[in-house]
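Novice: The following block contains the structure, expressed as structure tokens.
The values are calculated or read from the model by the stated rules, or taken from the named source; none is laboratory data. All values reported here derive from a predicted model rather than from experimental measurement. All Cβ positions, glycine included, derive from the backbone under ideal geometry; neighbour counts span all protein chains shown.
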Amino acid sequence: MKNPFEFLAEMIYKRPFLAAGLIIVMLIAAISGLTMVSMKTGTETYLNLDEPVGSLVDHYSDEFGSSSIILIIEGEDLSSPGVLEYLDSLEEDFRDERYVDGVSSLASFLKSANDGVLPQSTAEINNILDNSGDALDSVLPSPILSLMYITLESGLSDDSQTGTVNMAESVLECSEPPAGVTITISGSPAFSVEMQEDMGSSTMSLIVLALLLMIIAMVFLFGHVRYRMLPVFTVFCGIILTFGVMGFAGIKISTVVVAAFPVLIGIGIDYGIQLHSRLDEEIRKTSSLKDAVFITVANSGPAVLLAMIATSLGFVALKLLAPAPMVGDFGTICIVGVICCYITALLIIPTFAVIFKYKPKKGELNALDSAESCQLEWKGCDDKPNVKKGSKGSFMEKYDILLGNLAAKIARHPVAVILVLLMVGIVGIQLDDRIIVDCDEDAMVSQTMPAKISMNKIESTIGSTSSITAYIKGDSIKDVDTLQWIDDFSNYVLNKQDEIIGVSSIVSVIKEYNNGVLPGNQQEIDAIWDEIPSDTINQYVSGNTETVIDFSMNDLSMPKTQSLINNLNDDLDWYGSHPGITVTFTGQMVMFSWMMEQISDSKNLMTYAGFLFILIYLLLVYRRFSAISPLVPIVIIVGWNSLIMYCLGLTYSLLTACLGAMTIGVACEYTILIMERYQEEKAKGGDMITSIQTAVQKIGTAITVSGLTTVLGFSALILASSPMIQNFGITTVMTVAFSLVGAIVVMPAVIALFEQFRTYVDKRKAGEAGVRL
């Protein structure tokens, strides 16, 4: 009975146009799904809404998290009557728009201080401004910069917020600002909209750049075959197929998911290279296209599948143990992507060869051809090619010999080599806990993004806009004892924590309406409560059971913010809450702090899980103890990654936290190739040193070519606009480089040690058997 790969090979050769038609239909369907792909930002990308922290942050955002579009107005004389009339007309236009809860600016500030009438003379305006005190700073922080706040309704969806930003842009386009006045849209909604647009453009830019780098790699490293760009085309089709699956499955693109595509291109190109190279080699050997297609699909297809599964298992660990939903999406896309790239390579390359009657370039196999064919199906070529001095084959042949000699020397002194390299790895593992974990959203976007520049301008003018919120739930928020506790605890925190620079709550509003004093009885509180506008109350109170305290804070790094949140929790535990109420800190700062804890807790767990999954996989596939040998170099490589991150001052983010599991998936393919080739040479009757030398000599060049091509794909990430993705690009490039070193240098020593141990065990068993006799 034919296995699926044999059936596929026969179908492609006998009905190539049917196979091509199926491929085209698959890609057309994928393009249809591609149109359904959308961007994702907000709380759901950072936290699982089914968990207590996530559900509370989401509930807080719905009930109290009204955001504001902030207009930055700049000019020479912003308090002139003409400018104020313009601002007043803008306020009226915005108040009539849907989802707008309120508008405030310098114009409304002056009207509130002038019995609801906008002052018409410069003297009146200056008189009010001179007597306004610090309250003026929120709308006129400097003589040349003013701010207008367009407060939106609570709980708006991302689409609704996007609509309000577009509305603001339309209103401003239709308005006619006075000469010399410029207006910039800023605030969280505008920031989110521009970040989504930036993600969309960044995704396409990174994909195009990665493909261009692949083309450069193929020109210089894969020029010995005909149609050298065919593997690049298969990867391109694989990416389209991946996008299609994303669209149909409803997987959205987030900041982290953007980084998956250059990773997929870097990994996926290897599948195309392997199948294309094997096809070319078999046609040279047999001169039969039919036999070449059959051998490539039926023999190399399963071998590449095994390597693909090993790589995917590292991403499975990310999916199952992700510290944030967007990291889980990253793992999902990587799993889907490598499968799609494998499918397109397996289908397109033989189909293309049959339709276009593929013929190899003229000339004998050179050393590069031989080395690459050795990688496929983990089998090699025994005939040494004849090459001319100075040719490409001559250079690669010398590289082969260099690797073989190096492997032989390492195999003769395995303990010394492993001890030295393992010590370096252990140092890195020990330093891993000293690498800073940082989840600041600033690191996720380009610092030159206009919305980011505008936000920085606001913060530099009016100070930090960050706050930590205490969410309070109780039987009656209006109860006088509850309000007194809120006032006392707020003052306690304000006096104790230097990083807290202000407090606002419903108590602050009540005191503002009562000459700075909190009433001591319920009747007075109820009377003042009735005087306060409902819009103001809704900022701090929901129903009669929920309220919040906003603690304004200095502009702190995320590690320092995390420390402050921990101190606030300690303060709450010591101070105690009023009977009948529960108090929990929440908000954006708490969300990022929680993510830092999740990364710290899960990054090692993801690595261990990746090791476990691949260990079980290797034992199931090979069913022998030596199957674990490919994992030994990877343990050392993980330590090297930590060491280089520490030395370069890189931090753990949502992406780099995935590095351990990714390293296992990528490096495992190379070490498995070396192990398989060694076992084949041993089966032929070679001794240990010769078998190791041959294995590395045959496989080393091939994985070097493949590794360099993968590095170029990953290096596109270094040129991303997001600092987080840039750091991820640096670490992944280093990971692939270390994986090559691990396979070529560490693996020979590991194999030698395992062989020595097996020989020792066999001798012990033989000795014990002799004693019994």
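Novice: Can we say Val354 is at pLDDT 90 or above, within 18 Å of Ser300 (Cβ to Cβ), more than 30 Å from the chain's Cα centre (by Cα) and among the β-branched types (Val, Ile, Thr)?
Specialist: Numbers: at pLDDT 90 or above: yes; within 18 Å of Ser300 (Cβ to Cβ): yes; more than 30 Å from the chain's Cα centre (by Cα): yes; among the β-branched types (Val, Ile, Thr): yes.
So Val354 passes the test.
Novice: Here's another thing I want to ask about it. Tell me whether region 568-578 contains one or more residues that are more than 17 Å from Ala470 (Cβ to Cβ) and either within 39 Å of the chain's Cα centre (by Cα) or modelled with pLDDT under 90 (or both). Working first, answer last.
Specialist: Quick first cut of region 568-578, residues more than 17 Å from Ala470 (Cβ to Cβ) only: none.
Scanning region 568-578, I find no residue that is more than 17 Å from Ala470 (Cβ to Cβ) and either within 39 Å of the chain's Cα centre (by Cα) or modelled with pLDDT under 90 (or both), so the answer is no.
Novice: Tell me yes or no: at least one residue of region 121-132 is touching a residue at least 40 places away in the same chain (Cβ under 8 Å) and buried (at least 19 other Cβ atoms within 10 Å of the Cβ). If you could, list the steps in order and put the result at the bottom.
Specialist: First, pick out the residues of region 121-132 that are touching a residue at least 40 places away in the same chain (Cβ under 8 Å): 121-122, 125-126, 129.
Then keep just the ones that are buried (at least 19 other Cβ atoms within 10 Å of the Cβ); that gives 125.
Checking region 121-132: at least one residue is touching a residue at least 40 places away in the same chain (Cβ under 8 Å) and buried (at least 19 other Cβ atoms within 10 Å of the Cβ).
Table: residues versus (1) within 30 Å of Thr344 (Cα to Cα); (2) modelled with pLDDT of 90 or more; (3) not in a loop (DSSP other than H, G, I, E, B); (4) not hydrophobic (A, V, I, L, M, F, W, C).
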{"position": "Ala30", "(1), (2), (3), (4)": "yes, yes, yes, no"}
{"position": "Met36", "(1), (2), (3), (4)": "yes, no, no, no"}
{"position": "Asp50", "(1), (2), (3), (4)": "no, no, no, yes"}
{"position": "Ser61", "(1), (2), (3), (4)": "no, no, yes, yes"}
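Novice: On to the next question. So which pairs qualify, if the first residue must be in region 329-355 and surrounded by 24 or more Cβ atoms within 10 Å (Cβ to Cβ), the second must be among the charged types (D, E, K, R), the Cβ gap must be under 6 Å, and the two must be at least 6 apart or on different chains?
Specialist: Once the first residue is surrounded by 24 or more Cβ atoms within 10 Å (Cβ to Cβ) and sits in region 329-355, its partners that are among the charged types (D, E, K, R) give Gly331/Lys319.
Novice: From Gln562, Gln588, which residue is crowded, with 19+ Cβ neighbours inside 10 Å, in the same structural domain as Ala470 (by TED's automatic domain parsing) and modelled with pLDDT of 85 or more?
Specialist: Details: Gln588 fails: modelled with pLDDT of 85 or more.
Result of the check over Gln562, Gln588: Gln562.
Novice: Looking at region 117-146 only, could you name the residues that are in contact with a Pro (Cβ under 7 Å, 6 or more places away or on another chain) and closer than 24 Å to Glu169 by Cα?
Specialist: None - no residue of region 117-146 is in contact with a Pro (Cβ under 7 Å, 6 or more places away or on another chain) and closer than 24 Å to Glu169 by Cα, so the list stays empty.
Novice: Any idea which of (1) buried (at least 24 other Cβ atoms within 10 Å of the Cβ); (2) under 18 Å from Leu631 (Cα atoms); (3) over 18 Å from the mean Cα position of the chain (by Cα) is the one Val736 doesn't satisfy?
Specialist: In the conditions (1) buried (at least 24 other Cβ atoms within 10 Å of the Cβ); (2) under 18 Å from Leu631 (Cα atoms); (3) over 18 Å from the mean Cα position of the chain (by Cα), Val736 misses (3) alone.
Novice: Of all the residues that make up region 132-170, how many are hydrophobic (A, V, I, L, M, F, W, C), assigned to a helix (DSSP H, G or I) and farther than 20 Å from Phe94 by Cα?
Specialist: Start the filter on region 132-170 by keeping residues that are hydrophobic (A, V, I, L, M, F, W, C), which leaves 135-136, 139-140, 144-145, 147-148, 150, 152, 156, 165, 167-168.
Pick out the ones that are also assigned to a helix (DSSP H, G or I) and you get 135-136, 165, 167-168.
Right, trim to farther than 20 Å from Phe94 by Cα and you get 135-136.
Total satisfying the criteria: 2.
Novice: Does Pro189 count as touching a strand residue (DSSP E or B) at 6+ places or on another chain (Cβ under 7 Å) and in a loop (DSSP other than H, G, I, E, B)? It would help to see each step written out before you state the result.
Specialist: Details: touching a strand residue (DSSP E or B) at 6+ places or on another chain (Cβ under 7 Å): yes; in a loop (DSSP other than H, G, I, E, B): no.
Here the answer is no, as Pro189 does not meet what is asked.
Novice: For Gly268, all conditions in the list (1) in a helix (DSSP H, G or I); (2) touching a Leu at 6+ places or on another chain (Cβ under 9 Å) hold save one; what is the number of the exception?
Specialist: (2)
Novice: While we're here: Looking at region 299-310, can you tell me whether even one residue there is within 16 Å of Met246 (Cα to Cα) and polar (S, T, N, Q)?
Specialist: Narrowing region 299-310 to residues within 16 Å of Met246 (Cα to Cα): none.
Checked against the condition, which is being within 16 Å of Met246 (Cα to Cα) and polar (S, T, N, Q), region 299-310 yields no hits at all.
Novice: Given the options Leu118, Leu110, Leu106, Leu136, name the one that is touching a residue at least 40 places away in the same chain (Cβ under 8 Å), touching a Leu at 6+ places or on another chain (Cβ under 7 Å) and either farther than 30 Å from Asp58 by Cα or surrounded by fewer than 19 Cβ atoms within 10 Å (Cβ to Cβ) (or both). Working first, answer last.
Specialist: Numbers: Leu118 fails: touching a residue at least 40 places away in the same chain (Cβ under 8 Å); Leu110 fails: touching a residue at least 40 places away in the same chain (Cβ under 8 Å); Leu136 fails: touching a residue at least 40 places away in the same chain (Cβ under 8 Å).
Leu106 is the lone residue from the list that is touching a residue at least 40 places away in the same chain (Cβ under 8 Å), touching a Leu at 6+ places or on another chain (Cβ under 7 Å) and either farther than 30 Å from Asp58 by Cα or surrounded by fewer than 19 Cβ atoms within 10 Å (Cβ to Cβ) (or both).
Novice: Restricting to helices (runs of 4 or more DSSP H) lying wholly in region 441-527: which have 3 or more residues that are at pLDDT 70 or above and over 29 Å from Ser563 (Cα atoms)?
Specialist: Working: elements: 450-462, 480-496, 506-512.
Qualifying helices (runs of 4 or more DSSP H): 506-512.
Novice: Please pick out the residue among Leu129, Leu147 that is among the hydrophobic types (A, V, I, L, M, F, W, C), more than 42 Å from the chain's Cα centre (by Cα) and assigned by TED's automatic domain parsing to the domain that holds Tyr86. Explain how you work it out, then say what you get.
Specialist: Values: Leu147 fails: more than 42 Å from the chain's Cα centre (by Cα).
Leu129 is the lone residue from the list that is among the hydrophobic types (A, V, I, L, M, F, W, C), more than 42 Å from the chain's Cα centre (by Cα) and assigned by TED's automatic domain parsing to the domain that holds Tyr86.
Novice: Which of the residues spanning region 528-543 are in a loop (DSSP other than H, G, I, E, B) and surrounded by fewer than 11 Cβ atoms within 10 Å (Cβ to Cβ)?
Specialist: Restricting attention to region 528-543, the residues satisfying the condition of being in a loop (DSSP other than H, G, I, E, B) are 532-533, 543.
Once the filter is applied, which keeps residues that are in a loop (DSSP other than H, G, I, E, B) and surrounded by fewer than 11 Cβ atoms within 10 Å (Cβ to Cβ), region 528-543 yields Pro533, Gly543.
Novice: Please verify whether Leu87 is aliphatic (A, V, I, L, M) and more than 46 Å from the chain's Cα centre (by Cα), treating the condition exactly as stated.
Specialist: On the way: aliphatic (A, V, I, L, M): yes; more than 46 Å from the chain's Cα centre (by Cα): no.
Here the answer is no, as Leu87 does not meet what is asked.
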